[in-house]
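Below is one structure; the comments refer to it alone.
The values are calculated or read from the model by the stated rules, or taken from the named source; none is laboratory data. Values in this document were obtained by computation on a predicted structure and should not be read as measured data. Note that each Cβ is placed from the backbone with ideal geometry, even for glycine, and that neighbours are counted across all protein chains shown. SASA here: full protein model, heavy atoms, side chains in, ligands and nucleic acids out. Shrake-Rupley method; radii C 1.70, N 1.55, O 1.52, S 1.80 Å.
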Amino acid sequence: MGRRPAQLALTEAEQAYLQQFIRTGTRSARAITRARILLMSALPEPMSVIAATLGVCVATVQNVRTRYRQGGIDAALYDKPRSGQPRQVTPREEAYITTIACSTPPDGRRRWTIRLVTDHLVELYGVELSTESVRQVLKKVS
């Protein structure tokens with residue numbers, strides 16, 4: 001049988017904080033599960049029992065415990081911010097799109113279409129965007 005990892009040594013203040021964290025407020029289910037993992041890790045329970053009780057895998061229990069040891073409670077409960085995909089349309093381009101869409105449509109047209117806005121964007125400002133990017137900007141603005 002493998003060596004059982006040592007239980008976490010949570011202070012009374014940390015245990016009280018985690019109990020309060022679970023009971024009150026609007027927290028994400030992930031953060032509450034992580035708080036329960038930390039509380040159960042302070043007991044002499046094997047990781048497999050903790051995982052089975054909370055409905056997570058053993059690796060999740062191990063990861064939460066490791067993050068607690070390395071960075072404390074906040075590191076264990078919350079994910080680090082992620083960079084995400086960079087913006088496709090700059091605020092300046094959004095302003096151009098909005099300006100065009102709010103202006104009077106070309107002669108012979110009653111309103112602006114997405115394709116017309118996209119074509120006009122290229123003519124006036126030399127900005128080339130896909131019609132989908134223009135549609136998303138207009139959807140966000142309206």
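Just one of (1) more than 30 Å from residue 8 (Cβ to Cβ); (2) assigned to a helix (DSSP H, G or I) trips up residue 49, so point out which.
Residue 49 satisfies all of (1) more than 30 Å from residue 8 (Cβ to Cβ); (2) assigned to a helix (DSSP H, G or I) except (1).
Each row is one residue, and each column tells you yes or no for (1) farther than 13 Å from residue 6 by Cα; (2) modelled with pLDDT of 95 or more; (3) not hydroxyl-bearing (Ser, Thr, Tyr).
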| position | (1), (2), (3) |
| --- | --- |
| 37 | yes, yes, yes |
| 45 | no, no, yes |
| 53 | yes, yes, no |
| 64 | yes, yes, yes |
| 68 | yes, yes, no |
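Within the set of pairs 6 or more residues apart or between chains, which connect a residue that is closer than 16 Å to residue 117 by Cβ inside segment 78-105 to a residue that is part of a helix (DSSP H, G or I) and open to solvent by 50 Å² or more (accessible area, probe 1.4 Å) with Cβ atoms less than 6 Å apart?
Listed by first residue and then by second, the contacts come to 96/125; 98/141; 100/120.
Looking only at segment 33-46, which residues are aliphatic (A, V, I, L, M) and in a helix (DSSP H, G or I)?
35, 37, 38, 39, 40
Could you check segment 89-142 for helices (runs of 4 or more DSSP H) lying wholly inside it with 2 or more residues that are in contact with a Ser or Thr (Cβ under 7 Å, 6 or more places away or on another chain) and open to solvent by less than 80 Å² (accessible area, probe 1.4 Å)?
114-125, 131-141
Report every pair of residues separated by at least 6 positions or lying on different chains whose Cβ atoms are under 7 Å apart, first residue within segment 53-68 and within 13 Å of residue 33 (Cβ to Cβ), second open to solvent by 50 Å² or more (accessible area, probe 1.4 Å).
Close Cβ pairs (under 7 Å, with a partner that is open to solvent by 50 Å² or more (accessible area, probe 1.4 Å)) amount to 54/36.
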